[in-house]
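Participant: Below is a structure I'd like to ask you about.
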Amino acid sequence: MSSSRASSSAVSLNAVSKSFGAIAALKATSLDIRPGELMTLLGPSGCGKTTLLNIVAGFLSADAGDVAIEGQRVNDVPTFQRQIGMMFQSYALFPHMTVEANVGYGLKMRGMPRADIHRRVQDALVLVKLQGLEARKPSQLSGGQQQRIALARALVIEPKVLLLDEPFSALDKSLRGSMQIELKDIQRKLGIATIFVTHDQSEALSLSDRLAVMSEGVIRQVGTPHEVYADPADRFVASFIGDVNVIPGVIESLDDGRATIRVGNGHVGASRTHLADAAPGTPVDVFVRPEQITLAAPREEIPLTGKVHASVFQGGHTDVLVDVGVEGMSTVLVRLAGPAHVARWAKGAPVGVVFAVDTVLAFPKSG
Amino acid sequence: MGSIALHTLPGRLARLSVVAVIGFLILPPLVVTIAAFNEKALLSFPPERLSLRWFARALTYEDFRAGFWNGLIVTLWASSIALAIGAAFAFALDRYEFRLKRTIETILLSSLIVPHFTIGLGFLIIAAQIGMARGFTVVVTAHVILVLPFVLRSVYVSLRNFDRRLEQAAESLGAPPARVLLTVTVPLLLPGLVSGWLLAAILSFNEFTASLFVTGQRTQTLPVAMYNYVREYADPSMAAISVLYIAATAALLTFANLYLGLGKVLNVEQPR
Ligand SMILES: Nc1ncnc2c1ncn2[C@@H]1O[C@H](COP(=O)(O)OP(=O)(O)OP(=O)(O)O)[C@@H](O)[C@H]1O
Ligand SMILES: [Mg+2]
């Protein structure tokens, strides 16, 4: 590839598409993964994440478009020559080989002398904190141990890019959390470009340097977790990342950069980013995060009023669900920091919902 | 819940039928085994005095000896060829889409529904037409056709259960296709391949109907030799051969079960 942009990327996809019969699994998708970066592909089931990953791995060939690894076009390079490291959801450890043989497999395929293989395997096992099990078979390991072996096996060959397809989805929650932290540590230490597939948005937010939010074969937005959370590109991203309340409103007035939106009996400001062609009177949906609203005693001029449906103590914060009698929505989720709220906002208590920020997101009503 | 109390009527019937089935399975070989030790030249039951003379006769009778070796040659060739062909087709059926796939599959499995004597007769006519002697080639070919469906099935089932991601993992680690096959696919399919081969071998060695048509004096297999024997004699050497047969097959299967069932194939690398 000639462009300097492509050659400075660890992986670059340029207008790659893939269909299975009538299903367009991936539609003209472009994406660059920078050297050393952990890029997450996030999206609901069936949106094309695995398809994209398999195209990078070479298990699938793209119908159109180019794939490059470290600047070299690999469309016609078979998987075994792509120098990738891959970790599968099912681990895919070789059941007939010992841990040592599993981890050393890639090095053996590269024709490395046995003594060197042994040394490198030891190093890799130190890296994933799993020594002393070299002689075991995968069936004699726990799920978490198999996970580490699979990671060691993928890393020991020093691949140009590490590909992980929902690697932690089979682990229980606490183990998943600690594996995420360890993976991130190892990935940063080795500085290896990584594509990580998940449909778990909290995993994506906590792990990624940048993430690509996908839906129906299209990348909707690429950005840092903070960018994607705070400034979602469209309705889909706004509702997929993090919890969000969608509250109906009407544009009351517009000036240069801002819109004033009437919500219930109150008002809130919104940026015009997504309301470019809107006019006063246009119905909109206000997207507001649970931590961007708060509760007050019900008064006149308060945007929404209702009754507490439930107060749920969550440790560091309290989630309060409020029943509001607004058409098209039933409850509003309010997230209050600190533990003291459960008693104050008891079930059935009348309550007002107020905006705690002066700028929220608004999109034209869908349709 | 769910289990049948044994003292109720259905419970008794169930118990009775289990006993009956087991009885009918065990009874024939048991009767034959006892008859084999009869001292008299009769297949009478029960024997009055016991002797090993019929075992000696079975083991020294020239036609049986020749039949055994002929059968062994035919079996080894037929099951090995059937394994090669069956495995290749099972692979193709599992992994590739091609024209006439269903038709080819049906033809490969068709000897399950065509009677053995039809196949034997067919081969006899063809061999006569093309002026071929009733040599081993014809016998082996007929046996390959007969056992192919079983090998194909056996390998196909293990391929269906095979996790393709293991191959992808090997590929991602830098293994070219041939090495993926040798280091991952074949080792993991080995139990299926071996059991397919064994099934074919047992079927082939026992095959009588088609063999009767396609074997000649020089190539007759053990079942054919036994058939020819009983047309002339009715002494217990048949029973003695049966006992040897059962013992040999049981030993083979026990060995295979140890080998396959306990995963010895897979554990060769394990130091402990
Ligand atoms: N081999 C295939 N044949 C036919 N359709 C396929 C094939 N692989 C994927 N698809 C379809 O392509 C679309 C994208 O699939 P893909 O596996 O990439 O989704 P995904 O984002 O990984 O989903 P999940 O989170 O469930 O794993 C889906 O509609 C899927 O049904
Ligand atoms: Mg997937």
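Participant: Please give the strands (runs of 3 or more DSSP E) falling wholly within region A:1-116 in which 1 or more residues are assigned by TED's automatic domain parsing to the domain that holds residue A:157, closer than 26 Å to residue A:218 by Cβ and open to solvent by 30 Å² or more (accessible area, probe 1.4 Å).
Facilitator: Those strands (runs of 3 or more DSSP E) span A:11-20, A:23-33, A:64-69.
Participant: Residues B:248, B:178: which one is in a helix (DSSP H, G or I), open to solvent by 50 Å² or more (accessible area, probe 1.4 Å) and within 14 Å of chain A (Cβ to nearest Cβ)?
Facilitator: Every option except B:178 fails the conditions.
Participant: Checking residue A:92 against (1) over 16 Å from residue A:13 (Cα atoms); (2) more than 10 Å from every other protein chain (Cβ to nearest Cβ); (3) within 16 Å of ligand 2 (Cβ to nearest atom), which single condition isn't satisfied?
Facilitator: With respect to (1) over 16 Å from residue A:13 (Cα atoms); (2) more than 10 Å from every other protein chain (Cβ to nearest Cβ); (3) within 16 Å of ligand 2 (Cβ to nearest atom), residue A:92 is out only on (2).
Participant: Additional query: Select from region B:85-109 the residues that are surrounded by 12 or more Cβ atoms within 10 Å (Cβ to Cβ), without any contact (Cβ under 8 Å) to a residue 12 or more places away in the chain and either within 18 Å of residue B:198 (Cα to Cα) or polar (S, T, N, Q) (or both) and list them in ascending order.
Facilitator: B:88
Participant: Please give the number of the condition residue A:136 fails out of (1) modelled with pLDDT of 95 or more; (2) within 9 Å of chain B (Cβ to nearest Cβ).
Facilitator: (1)
Participant: Any residue in region A:207-218 that is open to solvent by less than 40 Å² (accessible area, probe 1.4 Å) and either at positive phi or not assigned by TED's automatic domain parsing to the domain that holds residue A:43 (or both)?
Facilitator: Yes, region A:207-218 has at least one match.
Participant: Oh, and also: With A:69, A:33 as the choices, which residue is under 25 Å from residue A:186 (Cα atoms), of a type in the set (Val, Ile, Thr) and either within 14 Å of chain B (Cβ to nearest Cβ) or within 15 Å of ligand 1 (Cβ to nearest atom) (or both)?
Facilitator: The match here is A:69.
Participant: Here is a follow-up. Within region A:267-284, can one find any residue that is within 32 Å of the chain's Cα centre (by Cα), charged (D, E, K, R), assigned to a strand (DSSP E or B) and surrounded by fewer than 19 Cβ atoms within 10 Å (Cβ to Cβ)?
Facilitator: Taking region A:267-284 and keeping what is within 32 Å of the chain's Cα centre (by Cα), we get A:268-278, A:283-284.
Now narrow it down to the ones that are charged (D, E, K, R): A:272, A:277.
From the residues that got through so far, the ones that are assigned to a strand (DSSP E or B) too are none.
No, because not a single residue in region A:267-284 is within 32 Å of the chain's Cα centre (by Cα), charged (D, E, K, R), assigned to a strand (DSSP E or B) and surrounded by fewer than 19 Cβ atoms within 10 Å (Cβ to Cβ).
Participant: Considering only residues that are away from ligand 2 (no atom under 13 Å from the Cβ) and among the charged types (D, E, K, R), which ones fall in region A:33-54?
Facilitator: Matches in region A:33-54: A:34, A:37.
Participant: Also, I was wondering about something else. Output the number of the condition that residue B:227 fails; it satisfies all remaining conditions of (1) open to solvent by 40 Å² or more (accessible area, probe 1.4 Å); (2) within 21 Å of residue B:148 (Cα to Cα).
Facilitator: (2)
Participant: Can you confirm whether residue A:239 is of a type in the set (Ser, Thr, Tyr) and modelled with pLDDT under 90? Before you say what the answer is, go through the steps one by one.
Facilitator: Values: of a type in the set (Ser, Thr, Tyr): yes; modelled with pLDDT under 90: yes.
The answer is yes for residue A:239.
Participant: Filter region B:149-175 for residues that are at the interface with another protein chain (Cβ under 8 Å from one of its Cβ atoms), surrounded by fewer than 19 Cβ atoms within 10 Å (Cβ to Cβ) and not in a helix (DSSP H, G or I) and give the result.
Facilitator: B:163
The values are calculated or read from the model by the stated rules, or taken from the named source; none is laboratory data. On a predicted model such as this, the values are computed, not experimentally measured, just so you know. Glycine also receives a Cβ, built like all others from the backbone with ideal geometry; neighbour counts cover every protein chain displayed. Ligands, DNA and RNA are excluded from the accessible area calculation, which covers all protein heavy atoms including side chains. Shrake-Rupley method; radii C 1.70, N 1.55, O 1.52, S 1.80 Å.
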